[in-house]
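Notes to accompany the following structure.
The values are calculated or read from the model by the stated rules, or taken from the named source; none is laboratory data. The shown structure was predicted, so the numbers you read here are calculated from the model rather than taken from an experiment. Quick reminder, even Gly has a Cβ in these numbers, built from the backbone with ideal geometry, and neighbours come from all protein chains shown. All accessible areas refer to the heavy atoms of the entire protein, side chains included, with ligands and DNA or RNA removed. Shrake-Rupley method; radii C 1.70, N 1.55, O 1.52, S 1.80 Å.
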Amino acid sequence: MNTLATGHTPEQIRRYNLGLVLRRIRVHRKISRQRLSEITHLTKTSVSDIVNELLGLGLIAERGEDVASSRGGRKPIILSTVMDSCYAIGVVMRRNLISTVFLNLAGDIVARKTTILKSGLTEKSILRIASRCISDIIKKTKEDSRVLGIGVAAPGPVDVGRGIILDLPDLESPQTVNIKEALTQKFGMPVFVESVPMAGAVGEYCHRRYSGIPVRDLIFIEIDEGIGCGIISDGNPIHGKNSPGEIGHMIVEVEGAPCSCGRKGCLCQYASGTAVLKRLNLAEMDGKDIIVAKKADFSKLLSHVIEECETGKRSYLSTIDKAARYLGIAIVNIFALLSPDMLVVSSSIPGFAELYWKSLLSYMSEDKILNRTSRRMVLSSYGPDAIAAGAACMVLQAFFDDPRRLLRTPTI
């Protein structure tokens with residue numbers, strides 16, 4: 001939500017209108033000043049002044065002339081966004097890895113890097129590795145790149161306002177990590193912090209928002225070690241007082257398998273990547289449960305599952321089908337309760353969400369009331385990079401809402 005929309009000072013109105021015009025140019029890709037005035041309801045003079053400012057900032061460019069109107073006169077000049085004029089960094093911190101991406105204003109990934117972590121790291125070690133990953137991704141770009149900020153997606157409970165990770169898994173001892181303060185001091189640019197699934201939801205929402213697709217309510221589901229969920233309602237992330245979107249602990253089997261949360265029959269015990277590996281007897285490695293195994297090993301095992309399914313191995317296909325149908329139960333409940341405009345399914349493991357897809361659609365079609373909702377269910381636009389890209393999209397969203405807020409960031 002753009003807080004400037006409620007502002008009343010001339011400066012606030014000016015900044016709001018600057019973002020409004022830039023967003024319209026971004027959505028329409030090619031548009032004239034005249035058309036901008038019509039759809040924004042701003043005067044031609046105001047639009048002209050704002051366009052000149054955006055041209056001076058290098059954020060938009062004139063791309064030739066359009067066809068003249070039937071009434072004749074001068075041919076209008078077409079404007080479009082300079083997609084490589086600015087960039088955003090997205091970082092996702094998982095249990096045993098850190099992934100980093102570099103996005104341009106189009107939301108395209110222009111660089112990426114992943115670093116596997118060891119268990120039992122200290123807070124300082126985590127921050128040092130995260131900083132190195134960001135520095136490495138910056139080195140892959142042009143020297144004069146203008147970076148708007150850094151978005152961070154973190155596991156576990158997160159204090160979004162203060163940018164603090166309240167309980168980062170696998171540290172030597174439980175402690176909070178003030179990731180926002182550390183990265184702001186290190187890189188001197190704005191830092192935005194969000195939970196892992198919510199970052200994914202923001203990314204998918206922004207991808208459609210700036211493509212001109214009218215979506216106000218969106219739910220993002222990630223199938224990984226567990227089942228994560230992020231909720232966007234009326235364009236705003238839903239954080240709640242505790243941890244909203246914990247569908248992994250939605251009960252789908254009464255008196256079912258016990259869960260670490262203390263209940264029985266939770267969705268994560270039946271539909272997660274961990275559940276699939278356990279059902280296939282692949283969860284034990286050197287006497288350790290897959291939950292504490294290295295992320296690289298977890299990914300390798302699920303990649304093996306994908307390969308076996310592609311060869312048509314029945315036991316593997318049957319296991320995926322069962323997992324997908326349990327996930328389908330949760331999704332049907334979500335649509336029945338919230339009826340979002342769109343529900344997005346994703347996984348950090350390439351091809352894993354796609355394995356669920358056919359079974360999910362089949363299950364949804366069996367519901368006589370909600371069989372049409374499958375049209376509102378899609379796979380992630382960013383695929384395995386959904387969370388990291390979503391973290392970067394938090395920066396882009398802030399930029400397009402209020403360009404002046406982030407344009408103070410120096411070039412690198």
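Once the Cβ-Cβ distance of Lys140 and Ile251 is raised to the sixth power relative to R0 = 30 Å, the FRET efficiency obtained is 0.10.
Provide, as a two-decimal number, the C-alpha radius of gyration of the range 203-260 over 2.2 N^0.38 Å, N being how many residues it has.
Compared with the compact-globule rule of thumb, the range 203-260 sits at 1.40.
Our analysis of the range 24-67 gives Rg over Rh at 0.93, with the two radii drawn from alpha carbon positions and Rh computed by the Kirkwood formula.
For the chain, carbon and sulfur atoms together expose 49% of the accessible surface, with a 1.4 angstrom probe and every protein chain in place. Extension gain, Asn236 to Val82: 0.36 nm times the residue separation minus the Cα-Cα distance gives 52.8 nm.
With the convex hull constructed from alpha-carbon coordinates only, the range 84-168 shows a mean projected area of 5.8 nm² over all directions. Selection among Leu280, Pro258, Val27 by position relative to the dipole of the chain gives Val27 as farthest towards the positive end (Cβ unit charges, Cα centre).
So if I average 1/r over every pair of distinct C-alpha atoms in the range 185-236 and take the inverse, what Kirkwood radius in Å does that give?
About 12.2 Å, per the Kirkwood formula over Cα pairs.
At full extension, Arg405 and Asn52 could sit 125.2 nm farther apart than now, given 0.36 nm per residue minus the alpha carbon distance.
Annotation: the antiparallel percentage among DSSP beta bridges lying fully within the chain is about 65.
Using a cut-off of 24 Å between Cα atoms, the listed pairs Lys113/Lys278; Lys113/Lys358; Lys118/Lys180; Lys44/Lys75; Lys313/Lys358 include Lys113/Lys278; Lys113/Lys358 as exceeding that distance.
Estimated translational diffusion coefficient (Stokes-Einstein, Kirkwood radius over Cα pairs, 4 °C, 1.567 mPa s) of the range 308-378: 102 µm² per second. With R₀ set to 45 Å, the beta-carbon distance separating Thr115 from His8 gives a calculated FRET efficiency near 0.45. Asp297 exposes around 60 Å² of accessible area when a 1.4 Å probe is run over every protein chain in place.
Going by average Cβ density within 10 Å per residue, which order do the peptides 216-228, 142-154, 312-324 take, highest to lowest?
Taking the mean over residues of other Cβ atoms within 10 Å, the ranking is 216-228, 142-154, 312-324.
Membrane-span-like helices in the chain (whole DSSP H runs, Cα extent of at least 15 Å along the helix axis, mean Kyte-Doolittle hydropathy of at least 0.5): 314-338, 386-401. A convex hull fitted to the Cα coordinates of the range 301-346 yields 82 cubic angstrom per residue.
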